[in-house]
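Bear in mind that the values in this text are calculations on the coordinates, not laboratory data. Here the structure is a predicted model, which is why all the values come from computation and not from measurement. Quick reminder, even Gly has a Cβ in these numbers, built from the backbone with ideal geometry, and neighbours come from all protein chains shown.
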Amino acid sequence: MSTERRERGVALARAARAGNTLALHDLLDHLTPYVARVCEPIALADGPDATQEALVAVFTSLRTLKDPQALYGWVRAIAVREAVRVARRAARARPATELADVPQPGDPQLAADIADVLARLSPDHRAVLVLRDVEGLDEDAAAALLAIPPGTAKSRLSRARSSFRKAWSA
Amino acid sequence: MMYAVDAVTRLRIMAAAVPGARVVERVLPAPLEAVWAVMGDLEGGFGDFQPDMRRVRVLRVSGDRVEVLASSRHGFRARLRGHLQPGWCWLQSRFLIIGMAAAPEPGGGTRVALTGGVRIPARAAIVPLGTRRELERAAVRLEALVTSPPGVHTESKRGRS
């Protein structure tokens, strides 16, 4: 994200917190694509639901954001949390295949399909993958955001990346 | 602009950030275009279904930005600024917040959502007293306008003023 765009978001958050609902309106436009970008790779088909629930959570607690400069990290944490929650809820309703089942050599059609590999990862694995490889957080920051030990984040990431490597080399 | 969320959901999100705001929703048996022809007509249909509006005059339009002067039945005047586009309207003045949304309902018809009310001056907050009742009244009037033949609409407006 460009510095200019980031600063615009921070300025809108500051104005919205000061009581300007038109700034709130523009902030919603501004944050929607960012939240969708975090939620969709984690919640997959339930990405739109996750995006909506994350935005409701962000806007409900906007008053608690003490430092508008921290807007994006704060929004990202909420978006990841909501995406994992929505994806887990969906997974309970539609049990997914175990990660160990995929990808298998000799199954090139499935193995070549990134969406399929992603879908077979658990929401927690997808969350680590998004934070590390899409959002560019380091392991400690990703672990802190997900409230898990760094070692767990590392092993989840390793497992998720390994699934992709297998997928592409199948 | 394309949104990942529809207009009614956007209204719920906006209302989540406004303490005291209530959202009233209703599914009307008419297509979005017909519903918005009433809701989005600020100088016409809008003033007919919002219980406290006597007259609304559009002062300025630039893209989806709009500025209007509204007079209430109690003599108050408000200069509202905000956004108006098909299915979406958000306006604020120092003492008022008005939010309206409409989106096609998957099972047919149009879902409308209304929020807003008397604003705590210069804050993103609404005085919660009677807010839901006023919004419910507006929704009932809107439904009547959308579903009634044109002559009935004119009579109800005369009867109020």
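Of note:
- Backbone amide hydrogens, once placed in the peptide plane, bring B:Arg54 within less than 5 Å of B:Ser71, B:Ser72, B:Arg73, excluding anything fewer than 5 places away on its chain.
- Here the Karplus curve 6.51 cos²θ - 1.76 cosθ + 1.60, taken at θ = phi - 60°, turns the phi angles of the range A:32-47 into couplings of 4, x, 5, 5, 4, 5, 7, 6, 5, x, 8, 8, 6, 4, 8, x Hz, with x standing for Gly and Pro.
- Calculated P(r) of chain B - Cα pairs past 26 Å, %: 20 percent
- Under a Gaussian network description of chain B, with springs only between Cα atoms under 10 Å, the residue in B:Ala17, B:Ala101, B:Ala144 that fluctuates furthest is B:Ala17.
- Spacing of the two label points (7 Å from each Cα toward its C-beta) at A:Ala93 and B:Glu67, in nm: 4.6 nm
- Kirkwood Rh, angstrom, the range B:1-81 [1 / mean 1/r, Cα pairs]: 14.6 Å
- Trypsin sites (Lys or Arg not before Pro) lying in DSSP loop within the range B:1-99, provided at most 15 other Cβ fall within 10 Å: B:Arg73, B:Arg94
- Taking other Cβ atoms within 10 Å as a rough exposure proxy, B:Phe76, B:Phe49 sort from fewest to most as B:Phe76, B:Phe49.
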